[in-house]
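Read through the structure below, which is laid out as C-alpha cells, and then see the notes.
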Amino acid sequence: MCGVDPFTDVLTANAEYAKTFVDDGRPGVAGSGLAVLTCMDSRISPLEVLGLAKGDAKILRNAGARVTEDVLRTLVLAHYLLGVDRVLVLAHTDCGMTKNTDSDVHAKVLAQGVDSRSIDFRTISDQRTTLVHDVQRIRSWPFLPPKMPVAGGIYDVRTGAIELVVDADATAEEPPRVP
C-alpha cells in the first residue's frame, strides 16, 4: 500500500455523508437509559438488533462482550453523567472468543513474531457461565447502584433473535454496607 492512504475509502465516504449531515441537536445522553455491552463482531448492529435509534443507547464493544475494568469505568461514567439506568450484556453465537483459548491466541500471535503472553485475552470456554459471571460483576460493582437492572443475552447471528440468559435483577436486595 505504498503511497496509498489506507483510510481513503472511509474518509471519502465520510465526506459524502457530511455533505447531507444535519445535526438534530440530540444530547449526548442515552435517550432510553440503556447501555449495551456487545462484541466487536461486525455482524452485530446493536441499535438495529434492539429496535433503537441513534442517541437511544450507549454502545460498548470489545472482543467477546466481556466485562473488563474499562467497561466498568465506562458504565460508571455512563450512569452518573449520561443517563444510563440499565445495562444489557449481549454476547452472540459463533463468537471467535469461544473458539480459542488464551494459549491458542498467544500461539497464533507468536507465530507472527509477537510475544503477547502479558495479555489476558479473556477467551470463553462456557459462554453461558461467562455471561452470568459478567452480569454479576456489573451488579456487584460498588460504584453503580445496587438495584440497577442488568441482564444478559445471546444474540443469534443466523436468526437475529436474542435469548435472554440472565434476567434483569432490579429488585435484588441491597447488599449490607460495611461501615
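Each value in this text was obtained by applying a stated rule to the coordinates, not by laboratory testing. For clarity, every value in this text was computed on a predicted model and none was experimentally measured. Neighbour counts run over all protein chains shown; Cβ positions are idealised from the backbone, glycine included.
Once the Cα-Cα distance is subtracted from the 0.36 nm per residue extended length, the L77 to S125 segment shows a gain of 14.3 nm. Here D24 and A111 are evaluated by their C-beta separation; at R0 = 45 Å the FRET efficiency comes out at 0.40. Please work out which option in [x] 17.9, 65; [y] 15.5, 47; [z] 18.9, 63 gives Rg and Dmax of the Cα atoms in Å calculated from these coordinates, and answer with its label. Evaluating Rg and Dmax of the Cα atoms in Å on these atoms matches [z]. The GluC sites (Glu not before Pro) of segment 1-110 include none that meets both criteria, a DSSP state outside H, G, I, E and B (loop) and at most 15 other C-beta atoms within 10 angstrom of the site's C-beta.
Remark: spin-label model distance H133-E163 equals 2.0 nm, labels positioned 7 Å along the Cα→Cβ axis. Note on the chain: lysine pairs with Cα distance below 30 Å, sequence gap of 8 or more or different chains, count 6. Which of the trypsin sites (Lys or Arg not before Pro) across segment 9-102 are loop residues per DSSP, with 15 or fewer other Cβ within 10 Å? Sparse-neighbourhood loop trypsin sites (Lys or Arg not before Pro): R43, K54, K99.
Calculated FRET efficiency, S103 to R61, Cβ-Cβ distance, R0 = 25 Å: about 0.55 to the nearest 0.05.
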